[in-house]
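Scroll down for the structure; my scribbles are underneath it.
The values are calculated or read from the model by the stated rules, or taken from the named source; none is laboratory data. What you are looking at is a predicted structure, and each value in this text was computed from that prediction instead of being measured. Virtual Cβ from ideal backbone geometry, glycine too; neighbours counted across all protein chains shown. What goes into the accessible areas is simple: the full protein's heavy atoms, side chains included, and nothing from ligands, DNA or RNA. Shrake-Rupley method; radii C 1.70, N 1.55, O 1.52, S 1.80 Å.
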Amino acid sequence: MPSLKDLKNRIASVKATQKITKAMKMVAAAKLRRAQEAAEAARPYSQRMSAVLANIAQAVGTDDSAPRLMTGTGKDDVHLLVVCTAERGLCGGFNSQISRFARDHARKLLAQGKTVKIFCVGKKGYDSLRREFGPLIVERTDLREVKRVGFENADAIARKIIAMFDKGEFDVCTLFYSEFKSVISQVPTALQLIPASAGDVPPASGATAVYEYEPDAGAILSDLIPRNISVQVFRALLENVAGEMGAKMSAMDNATRNAGEMINKLTLNYNRQRQAQITKELIEIISGAEAL
């Protein structure tokens, strides 16, 4: 049984931890609102960009003028998995959910005889995946020094991906991230970047218009698809930041509550042991007095 001093030290330690978790919860809550607004603001632009690409891709069809980023290499033997996670922990199962989702996808591809390469964006994803897929990790990007994620960070990642594709290092590229739904809900998502998925053309309202493109549709796609890859990566980073802050706020709130429950239990044990010790000392004093 721990002594009174040990219990007192442990209570003080848990109280100090509770102060830290409460402060981290408040910081995450303050950052969450800005991160959520940024993520929600990026969604309409990325969706509209996909709609524009879908319309132009429908005009191009299977024409030879279509860029390779849209048509692909004609094979799907080598897959590049771009796994975006957070740089720090203490956010519950946020990072592990993305890593597990990407890990399951990689295992499925390997079981089909495909070659898998992994591009890690974020320290936690790299730490999780290197245990099983260390030799498959071909590229890694850390954003620990970045205080606020900007489009230039996503554009640098997109340029690396496009450069690898131009060198013929992979056939299909899939982006993994967590889409922010709410503070308690972040959904791991996979999005194919290369070959660029045209998606569904939105239904036309009224008469269908016929467009003429200047320059030709192929040249427009050659400029839009790399930009769309940067936009989708940027959206993924923003969704991850919002999801990380939401998960961290929820995790720190649970930790603060657990610390409070532990303090109550330790205080109860401390008071019981202290009362027992006082009672024992009283009995010894009374027994000694009666012996006299």
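In a strand (DSSP E or B), within 15 Å of the chain's Cα centre (by Cα) and more than 16 Å from His79 (Cα to Cα) - does that describe any residue in the stretch 141-150?
Yes, that holds for at least one residue.
How many residues, within the stretch 257-292, are in contact (Cβ under 8 Å) with a residue 40 or more places away in the chain and open to solvent by less than 60 Å² (accessible area, probe 1.4 Å)?
So the answer is 7.
Out of all the residues in the stretch 236-256, which are touching a helix residue (DSSP H, G or I) at 6+ places or on another chain (Cβ under 7 Å) and open to solvent by 30 Å² or more (accessible area, probe 1.4 Å)?
Val241, Met249, Asp253, Ala255
Which numbered condition trips up Lys160, out of (1) basic (Lys, Arg); (2) outside any helix (DSSP H, G or I); (3) under 16 Å from Phe119 (Cα atoms)?
Checking Lys160 against (1) basic (Lys, Arg); (2) outside any helix (DSSP H, G or I); (3) under 16 Å from Phe119 (Cα atoms), the one that fails is (2).
I'd like the residue in the stretch 169-186 that is among the hydroxyl-bearing types (Ser, Thr, Tyr) and over 30 Å from Lys75 (Cα atoms) and, out of all such residues, is surrounded by the most Cβ atoms within 10 Å (Cβ to Cβ).
Ser185
Wholly within the stretch 1-115, which helices (runs of 4 or more DSSP H) include no fewer than the required count, namely at least 2 residues that are at pLDDT 85 or above, among the β-branched types (Val, Ile, Thr) and open to solvent by 40 Å² or more (accessible area, probe 1.4 Å)?
4-60
Out of curiosity, is Asp166 charged (D, E, K, R) and either surrounded by 12 or more Cβ atoms within 10 Å (Cβ to Cβ) or modelled with pLDDT under 85 (or both)?
For Asp166, the condition - charged (D, E, K, R) and either surrounded by 12 or more Cβ atoms within 10 Å (Cβ to Cβ) or modelled with pLDDT under 85 (or both) - is not met.
Out of everything in the stretch 169-209 that is charged (D, E, K, R) and at pLDDT 75 or above, what residue ends up being nearest to Lys124 (Cα to Cα)?
Filtering first and then ranking leaves Glu179.
Take Ser230 and tell me if it is open to solvent by less than 20 Å² (accessible area, probe 1.4 Å), hydroxyl-bearing (Ser, Thr, Tyr) and farther than 18 Å from Lys31 by Cβ.
Yes; evaluated as a whole, the condition is true for this residue.
Find all pairs meeting these conditions: Cβ atoms under 6 angstrom apart; at least six residues apart or on different chains; first residue within the stretch 29-44 and under 17 Å from Phe234 (Cα atoms); second residue among the aromatic types (Phe, Trp, Tyr).
Within 6 Å, the pairs are Ala39/Phe180.
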